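Novice: Supplied in C-alpha cells, the structure appears directly below.
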Amino acid sequence: MYSVLADAVLAVHLAVVVFVVGGWLAVWVGAWLGWGWIRSPAFRWAHAVMLGLVIVQAWLGRLCPLTQLESWLRLQAGQPAYQQTFMQHWVHRFLFYDAPLWLFAVLYTGFGLLALWTWWKVPPRARVEPRPPDAPGRRT
C-alpha cells in the first residue's frame, strides 16, 4: 500500500509542476486568445502561492515536502527511495536532475520574476466581460 501511495505522491508532484509551468503558459495563451478564466483572481493567486512556496523552499535549501513524503513512503514499503517502476522512471526523468540545490533556487527565482512580469502585463480581474463573438482573437 505504501508503494501505491508513493506513486500517488509522485503523480501529485508532477501535477504541481504542470500547474506552475503550464499555468504561466496558459496565462499568455489565454490573454492572446481572450480566455476569461486566466484572469480569475483565484487561479492567479493559487498559481502565485504555489510558485512562491517552491521558491522559498529552494532558497531555504530544503527538499520539496512531496519528495520527502514520497521517499518516506518508499522506505515504509521496504523499497529504496525512487526504486524504478514504469511510472517512476519517466516522471523522475522529467522532474529530477543532478544539479546543486542553489541552481534550482536561482532558476525558480528567475521563473518567479517572469511570473511577476506576467502578472503586471496580464493582470487578473475580479470580473471578466464576455468577449463579443465578432471580436478579434487577441485581447489584453
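Novice: What are the pairs with Cβ atoms under 7 angstrom where one residue, in the range 109-125, is over 18 Å from Ile55 (Cβ atoms) and the other, located anywhere, is assigned to a helix (DSSP H, G or I) and among the aliphatic types (A, V, I, L, M)? Sequence gap at least six, or different chains.
Specialist: Close Cβ pairs satisfying both conditions: Val122/Val27; Val122/Ala31.
Novice: Can you give me the number of residues within the range 104-136 that are under 21 Å from Ala26 (Cβ atoms) and at pLDDT below 65?
Specialist: 6
Novice: Cβ contacts < 7 Å: first residue in a helix (DSSP H, G or I), restricted to the range 27-41; second residue of a type in the set (Lys, Arg), any location; separation 6+ or different chain. Result?
Specialist: From residues that are in a helix (DSSP H, G or I), the pairs are Ala31/Arg139; Trp32/Arg138; Arg39/Arg125.
Novice: Answer yes or no: is there a residue in the range 43-51 that is assigned to a loop (DSSP other than H, G, I, E, B) and in contact (Cβ under 8 Å) with a residue 12 or more places away in the chain.
Specialist: The first filter runs over the range 43-51 and keeps only residues assigned to a loop (DSSP other than H, G, I, E, B), leaving none.
Within the range 43-51 (the criterion being assigned to a loop (DSSP other than H, G, I, E, B) and in contact (Cβ under 8 Å) with a residue 12 or more places away in the chain), the answer is no, since none of the residues qualifies.
Novice: Please work out which residue is farthest from the chain's Cα centre (by Cα), limiting yourself to the range 55-103 and to residues that are open to solvent by less than 40 Å² (accessible area, probe 1.4 Å) and either of a type in the set (Phe, Trp, Tyr) or modelled with pLDDT of 90 or more (or both).
Specialist: Checked the range 55-103; the qualifying residue farthest from the chain's Cα centre (by Cα) is Leu73.
Novice: For Val12, which of the numbered conditions (1) within 16 Å of Phe111 (Cα to Cα); (2) of a type outside the set (D, E, K, R); (3) surrounded by fewer than 17 Cβ atoms within 10 Å (Cβ to Cβ) fails to hold?
Specialist: With respect to (1) within 16 Å of Phe111 (Cα to Cα); (2) of a type outside the set (D, E, K, R); (3) surrounded by fewer than 17 Cβ atoms within 10 Å (Cβ to Cβ), Val12 is out only on (1).
Novice: In this structure, is Val20 at pLDDT 95 or above, under 30 Å from Ala126 (Cα atoms) and either over 16 Å from the mean Cα position of the chain (by Cα) or not hydroxyl-bearing (Ser, Thr, Tyr) (or both)?
Specialist: No, not satisfied.
Novice: Which of the residues belonging to the range 2-19 are in contact (Cβ under 8 Å) with a residue 60 or more places away in the chain and among the aliphatic types (A, V, I, L, M)?
Specialist: Matches in the range 2-19: Leu5, Ala6, Val9, Leu10, Ala11, Leu14, Val17.
The values are calculated or read from the model by the stated rules, or taken from the named source; none is laboratory data. All values derive from a computational prediction rather than experimental measurement. For neighbour counting, all protein chains shown are included, and Cβ atoms are generated from backbone atoms with ideal geometry for every residue, glycine included. When the accessible area is computed, the model is the full protein with side chains, heavy atoms only, and any ligands, DNA or RNA have been set aside. Shrake-Rupley method; radii C 1.70, N 1.55, O 1.52, S 1.80 Å.
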